[in-house]
1. Name every residue in segment 227-261 that is at pLDDT below 95, over 24 Å from Gly143 (Cα atoms) and either surrounded by 20 or more Cβ atoms within 10 Å (Cβ to Cβ) or out of contact with any Pro (no Cβ under 9 Å at 6 or more places or on another chain) (or both), in order of residue number.
2. Filter segment 1-25 down to the residues that are modelled with pLDDT under 70 and part of a loop (DSSP other than H, G, I, E, B) and list them by number.
3. Gln44: farther than 28 Å from Ser155 by Cβ, surrounded by 21 or more Cβ atoms within 10 Å (Cβ to Cβ) and outside the structural domain of Ala152 (by TED's automatic domain parsing), yes or no?
4. Can you list residue pairs whose Cβ atoms sit under 6 Å apart, with the first residue in segment 140-166 being over 20 Å from Trp118 (Cβ atoms) and the second being outside any strand (DSSP E or B) and among the acidic types (Asp, Glu)? Count only pairs 6 or more apart in sequence or on different chains.
5. Taking Lys74 as meeting all but one of (1) in a strand (DSSP E or B); (2) in contact (Cβ under 8 Å) with a residue 40 or more places away in the chain; (3) surrounded by fewer than 19 Cβ atoms within 10 Å (Cβ to Cβ), write down the number of the exception.
6. Just to be sure before I move on: is Asp288 loosely packed, with under 14 Cβ neighbours inside 10 Å, in the same structural domain as Ala149 (by TED's automatic domain parsing), of a type in the set (Asp, Glu) and more than 23 Å from Trp16 (Cβ to Cβ) in the structure I sent?
7. With respect to Ala154, is the statement that it is over 18 Å from the mean Cα position of the chain (by Cα) and crowded, with 17+ Cβ neighbours inside 10 Å true?
8. Check Val159, Val147, Val114, Val135 and return the single one that is assigned by TED's automatic domain parsing to the domain that holds Phe247, more than 23 Å from Ala13 (Cα to Cα) and not small (Gly, Ala, Ser).
Amino acid sequence: MTAPAHRPALIVADRWRDYALLDAGDGMKQERWGEFTLVRPDPQIIWPRHGVEKNARWEKWDGFYHRAETGGGKWEYRRPLPDSWKISYDSLGLTFKIHPTSFKHTGLFPEQAVNWEWFSAKISAAKKAGREVNVLNLFGYTGAATVAAAKAGASVCHVDAAEGMVKWCRENAALSGLAEAPIRYIVDDCLKFARRELKRGRSYDAIIMDPPTYGRGSTGEMWKLEDHLWELLNECRALLSDTPLFFLINAYTARLSPTVVANLLAELMTGRPGTITAGEVGLPIQRDGKVLPCGIYGRWEA
């Protein structure tokens, strides 16, 4: 019987060298991405900055994202920045393209490094035991998890409905020395793809997913987390091999608690012996030692 861990855990991505969360307060965060410093809004940061007037700007920054009252926003730059640049996660030998987008993202969620470390160790151990590992990464975005899993030795199927994100994943794979790695790049609606894989008789030893709160598929299908997540999880359960290795769910919506994700996994993996843990992922704030919560995770492992 699979039972969830009783106490949600906070895990902190504190092994970065090329990235640092320098300071946070008054709804904004100051981050170092390689040689450039960016300031961006974050809805979780409702505590004040100390030693400055409310809403005072940080002195040191290269790019500052201004959110518009009507939604969206735009970047202000103090000096010309390249269209993109690279940062590395030395612990796993990974390199990623960073590109500030019009919707404030940079193409990478650095807090996810804690999950890359976790599943990389599991994949590496399985490979050393002589086992091949096939991983399905749904809502794969720019492919950091795909690249990490491939670097650890897995064959990976990367799925995202946005063609630009799948192309970005290819670039990240090449930057990490994985241009020829066994990665399938798929532009598709995740639920429809999972159903087609079932019909094709495919199976996977591990599944990673990062479902959005809302989204649209490749042909305009509407995705709503509360309405469609369980349906997708059911399809994914049927895609698991007879000896699955792990199942990882990430979420960035405040509507879900880690306990809800643990309960979903417990229901999903009934009859498969394993361990479930759930909690928050976070980043250490360099200035004062606080931790910025950045999302939640749920893990099932054999």
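The values are calculated or read from the model by the stated rules, or taken from the named source; none is laboratory data. From a predicted model like this one, the values you see are computed outputs, not experimental measurements. Cβ sites come from the backbone with ideal geometry, for glycine too, and all protein chains shown count toward neighbours.
1. Within segment 227-261, Asp227, Arg255, Val260 meet the criteria.
2. The answer is Met1, Thr2, Ala5, His6, Arg7, Pro8.
3. Against the criterion (farther than 28 Å from Ser155 by Cβ, surrounded by 21 or more Cβ atoms within 10 Å (Cβ to Cβ) and outside the structural domain of Ala152 (by TED's automatic domain parsing)), Gln44 does not qualify.
4. Val159/Asp188; Ala161/Asp189
5. (2)
6. It is false that Asp288 is loosely packed, with under 14 Cβ neighbours inside 10 Å, in the same structural domain as Ala149 (by TED's automatic domain parsing), of a type in the set (Asp, Glu) and more than 23 Å from Trp16 (Cβ to Cβ).
7. Spelling it out, it is not the case that Ala154 is over 18 Å from the mean Cα position of the chain (by Cα) and crowded, with 17+ Cβ neighbours inside 10 Å.
8. Being assigned by TED's automatic domain parsing to the domain that holds Phe247, more than 23 Å from Ala13 (Cα to Cα) and not small (Gly, Ala, Ser) holds for just one of Val159, Val147, Val114, Val135, which is Val159.
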